[in-house]
1. Of the listed values (i) 68; (ii) 82; (iii) 54, identify the label whose number matches percent of Cα pairs over 16 Å apart calculated from this model.
2. If you place +1 on the Cβ of every Lys and Arg, -1 on the Cβ of every Asp and Glu, and leave all else neutral, what size is the dipole of the chain about its Cα centre, to the nearest 20 Debye?
3. Tell me the mean residue ellipticity at 222 nm calculated for the chain from its helices only (DSSP H runs of n ≥ 4, each -39500 (n - 2.57), averaged over every residue, nearest 500).
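Since every read-out is calculated from the coordinates, none of them should be taken as a lab result. Since we're looking at a predicted model, the values are computed, not measured. Cβ placement follows ideal geometry from the backbone for every residue including glycine, while neighbour counts extend to all protein chains displayed.
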Amino acid sequence: MDQARIEAELNLVLLNVAETQAAIKEGIERLREEGKLSMEFETMVQKVVRDVDGWTDQCTAAAEAPPVLLRRMQVQMERLARIERLIEELGR
């Protein structure tokens, strides 16, 4: 994969991360309002989001090679997607 394509894909992943984080925030608020949010789940979500934010910051610092950052952000995106699915299940 060439550099430009890796950077474009990384930007797309970062956009997806931001959208997913917004959806997670809305889902957490909804669960809280419905009384379905446990403290353990909220704490776990906060830790993952903080970790993802740290990796997102690394992408803007560009201390690492874009292919490495792309792979790491893809992993973080999967973590967020799992949380989003858990929120949907809890909301049922």
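1. Recomputing percent of Cα pairs over 16 Å apart here gives the entry labelled (iii).
2. 200
3. My calculation for the chain gives -31000 deg cm²/dmol from helical runs alone.
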